[in-house]
1. Give me the net charge of PRO185's neighbourhood, meaning all other residues with Cβ under 14 Å from the Cβ of PRO185; Lys, Arg count +1, Asp, Glu -1.
2. Relative contact order for region 21-151 using alpha-carbon pairs under 8 Å, separation at least 6, rounded to a whole percent?
3. Could you state the principal axis extents of the C-alpha atoms in region 213-326, from the largest down, to the nearest angstrom?
4. Below 8 Å, C-alpha to C-alpha, sequence gap of six or more: please give me the relative contact order for the chain in percent.
5. Give the dimensionless ratio obtained when the Cα radius of gyration of region 267-326 is divided by 2.2 N^0.38 Å.
6. Share of Cα-Cα pairs in region 114-157 beyond 12 Å, in percent?
7. To the nearest 0.05, what FRET efficiency results for HIS165 and HIS254 with a Förster distance of 35 Å applied to their C-beta separation?
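Just so it is clear, none of the values below were taken in a lab; they were calculated from the coordinates. Owing to the predicted nature of the structure, the values given are computational and were not obtained by experimental measurement. Note that we place each Cβ from the backbone using ideal geometry, even for glycine, and neighbour counts take in every protein chain shown.
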Amino acid sequence: MLRHSPASPLLSLPGAVPAEAPDEGVAAHYGDLFREQRALADGSGFVDLSHRGVVTVSGPERLSWLHLLLTQHVSDLPPGQATEALILSAHGHIEHAVYLVDDGTTTWMHTEPGNQEALIAYLESMKFFYQVEVADRTDEIAVVHLPAGSITESPADTVVRETAHGRDLFLPRTGLEPFAAAHGPAIGVLAMEALRVEAHRPRLGLETDHRTIPHEVGWIGTAVHLQKGCYRGQETVARVHNLGRPPRRLVFLHLDGSDVHLPPHGAPVRLAADGEEGRQLGFVTTSARHYELGPIALALVKRNVPVDAALLAGGTAAAQEVVVEP
């Protein structure tokens, strides 16, 4: 059973509505979803991600050791430079996604809620004689996200992971409420998810299943370095990149706005021409209501689905945009 982090104290803020799986423990929204999306897109406010797992790796050999395990080139990662990486199975299927930064003495990473124990178990099994120490920091450290363009100053002595999408702060949990009081408005995870879908960015456990390989969801380049040395699953990555094409591909969907309900994760995707009794060609991974685009979704479909085909996503009419080339 996954061990989730403690429920956020920010759930006591006015208007807070608790999020559902996989984001239990933080707020889905604080009463106005579209206002929160606009604020986030404009670079205002912050998102409470204190439900995410936090893991650190310290020791003089931490980067060279992680380099052997991750899909990303991290052996020479400069302090303060953010990156993301995957851990694959021997067959190249995605098992973990980590978002990391090194502060010069310690590598900090956050991962999907509740997944930190499995991640740590794997890392511990690979320590051998390397001078590294792996620690679960989830109970003491909370992740807070500041959107791109935010003018909020990061608190002193806080580890910061800065990317084109914004800054992730690794705050002491005891500092979460004071930070919220000083740097609101608080924004729920549904707003962040809507902008993630708009940006076509995959998320482990939503855009992936037990057989997903990185090429299918667009993680080649951002989380997978194609010129680095050996790591588990590299043979599959190299073979598909050099000789073949992935069996499935991520697509972005514009959903029919007249439908009241969004198709849930796992809803079947079919050709509209075949109707709701047609053959399933994929599944919805994440759906959201966007403040400008209306109802949208990401879906994973078979590679040979025509790129111009009208689709049905759980019975809702959908027009697709290419994310991963067939």
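1. Values: positive: ARG35, ARG38; negative: ASP32, GLU36, ASP42, ASP48.
Charge balance near PRO185 sits at -2.
2. Values: 223 pairs, mean separation 47.9, N = 131.
Reported as a whole number, the value is 37 percent.
3. Cα extents, longest axis first: 50, 31, 21 Å.
4. Values: 745 pairs, mean separation 60.0, N = 326.
In percent, rounded to a whole number, it is 18.
5. Values: Rg = 11.0 Å, N = 60, 2.2 N^0.38 = 10.4 Å.
That works out to 1.06 for region 267-326.
6. On the way: 693 of 946 pairs.
Pairs farther apart than 12 Å: 73 percent.
7. On the way: r = 22 Å, r/R0 = 0.62.
According to the calculation, E is roughly 0.95.
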